[in-house]
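Structure first, then comments.
The values are calculated or read from the model by the stated rules, or taken from the named source; none is laboratory data. Since the model is a prediction, treat every value here as computed from it, not as a measurement. We place every Cβ from the backbone using ideal geometry, glycine too, and count neighbours over all the protein chains shown.
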């Protein structure tokens, strides 16, 4: 067997442990990221759900905001889920807040309501090209993607609304794929993280 693909999970706050378990299940090696130097050893990075203002404050405190920008500039793959999407988005409303601005989408925070309004539904994914496939989607205090910029591809939808998008090596999703079965998104993300190694030389 070859060496496992190492994927970082930002572990400052939020549901990072669930993402780590999902990566193990699909054959990856998760690395919890708490300081910038740890990013040197991973091929992809997941920014999990949690509380976006708290996550962003902690990222700045540990200089991880610039480290994530540098990670993206190196050509490696990023995936923000729920609060992670808010952190990566170019525009954030309800209320407005600062973000890294790396993904050309507009996002509305808490668009589906409070924690008690969380729900599970079936959406459609196109993570492998071709015809869309059904997938379970778990929404917990989820944001909504209200604008999709040029060059951003919608690869997940629910009731006609985008729930998973990608722009180059950046993925952003409104729901929690780490709580879904089977783990279609994590499996595809792991494949693409592995592929970036060759592209970086």
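Of all residues in the stretch 14-64, those that are under 15 Å from residue 89 (Cα atoms) and over 15 Å from the mean Cα position of the chain (by Cα) total 1. Filtered by the rule that a residue be free of Cβ contacts under 8 Å to residues at least 40 places away in the same chain and either surrounded by 14 or more Cβ atoms within 10 Å (Cβ to Cβ) or outside any strand (DSSP E or B) (or both), the stretch 121-140 gives 124, 126, 129, 130, 131, 132, 139.
One line per residue, one yes/no per condition, for (1) assigned to a helix (DSSP H, G or I); (2) out of contact with any strand residue (DSSP E or B) (no Cβ under 6 Å at 6 or more places or on another chain); (3) surrounded by fewer than 18 Cβ atoms within 10 Å (Cβ to Cβ):
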position	(1), (2), (3)
142	no, yes, no
156	no, no, no
162	no, no, no
165	no, no, no
171	no, no, no
191	yes, yes, yes
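Taken over the stretch 98-112, residues that are in contact (Cβ under 8 Å) with a residue 24 or more places away in the chain and assigned to a loop (DSSP other than H, G, I, E, B) amount to 8.
A quick yes/no check of all residues on (1) touching a helix residue (DSSP H, G or I) at 6+ places or on another chain (Cβ under 7 Å); (2) at pLDDT below 95; (3) crowded, with 20+ Cβ neighbours inside 10 Å; (4) on the phi < 0 side of the Ramachandran plot:
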site	(1), (2), (3), (4)
7	yes, no, yes, yes
28	yes, no, yes, yes
37	no, no, no, yes
41	no, yes, no, yes
47	yes, no, yes, yes
51	yes, yes, no, yes
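Looking at 107, 120, just one residue is within 28 Å of residue 60 (Cβ to Cβ) and in contact with a helix residue (DSSP H, G or I) (Cβ under 9 Å, 6 or more places away or on another chain), and that residue is 107.
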